[in-house]
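As structure tokens, the structure follows; a few thoughts come after it.
Values quoted throughout were computed directly from the atomic coordinates according to the rules given, and no laboratory measurement underlies them. Please read these numbers as outputs of a predicted model, since none were measured by experiment. We place every Cβ from the backbone using ideal geometry, glycine too, and count neighbours over all the protein chains shown.
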Amino acid sequence: MTQPRTSLFTDDHAGFGRPPKWTRPRTKDRPDYRALPVGQVVTIDRGRYRCVVGDQDVTAAKARALGRKSVIVGDLVRLDGDITGADGTLARIAEVEPRRTVLRRTADDDDPYERPIVANADQLVIVTALADPVPRMGMIDRILVAGYDAGLDPVLCLTKADLASPDPLIAAYTPLGIPYFVLQPGTDLDDLRACLDHRRSVFIGHSGVGKSTLVNVLIPDAERRTGDVNTVTGKGRHTSTTAVALRLPASDGWVIDTPGIRSFGLKHVDPDHVIAAFADLAEIADDCPRGCTHRGDEPECALDDAVRSGRLPAARLASFRRMELSRTDW
């Protein structure tokens, strides 16, 4: 008989249920970890979890009861054992605190398995080059959809502005109200730093767009690997292989740098979560007939009526629909 697939987000206490009949009796009391110190997972490497507890770096292993894929970068965890961070010490992750947000993707649109990328971020910084490699609006739209589904605030960073004009992309995303930064070598990053302050920002983008280079400028001791674009395929080479959370200098903000991506499946996305991120559109969509998809082929969609009456700018609706259609058409 095929066993049901275990969710990645199963309750951490699930392992303490009723034991099988043939095992020795054990207590039904579930452990209480509330008195244990809390750390933030900043990177994962071969079964070892580097956590920050205050200003202390702690290396930890994971309790067996948590399962194979239950801890990701950004998680807040309860730590048991030695948390001094001294050489040779190893703490234990006993419990994962409830996540405020989870950014996730699927490998492609036919993949039923969700892949969590980072937990507890509140801002999504999409880094895209204006040339070398050329920007892919379909990819940007898909990352935006996943970000809105996760409840993150999006920001666009347009790199390599010395090679091409940013105007087409600015025109495409300004109607959505997404803040943007146009960058080239030597650009003053003070405004971007201010945007990142007091936030937990996950940086995500296609390989070769300059994401790791940008992180190294923002955080000089980050030492993230950088690479070039393949001259034959026009695609970037993967350099960063693991996600890592980095504290911004002289700030209480965090940057979570992720490996470059080449695909972004959206099988997991609930369309209602996407439109809910736009308060004005969601309010108008309340007047749509039941089952309306808001995709432009619905004869009684209230969004179209709002455009005709001048209540909603046509460019904003067009930008929203282009992004929403990317879930299935890219």
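Backbone geometry of region 317-324 corresponds, through the Karplus equation with coefficients 6.51, -1.76 and 1.60 at θ = phi - 60°, to 3J(HN,Hα) couplings of 5, 4, 5, 4, 5, 4, 5, 5 Hz, x marking Gly and Pro. Working ranking of peptides 291-299, 86-94, 55-63 by packing, defined as the average number of other Cβ atoms within 10 Å per residue, highest first, is 55-63, 86-94, 291-299.
3J(HN,Hα) along region 83-99: 10, 6, x, 5, 4, x, 8, 8, 8, 10, 7, 8, 7, 9, 5, x, 7 Hz, from the Karplus curve 6.51 cos²θ - 1.76 cosθ + 1.60 with θ = phi - 60°, whole Hz, x for Gly and Pro.
Near the amide H of residue 181, within less than 5 Å, lie the amide hydrogens of 156, 157, 158, all on another chain or at least 5 residues away, with H placed in the peptide plane.
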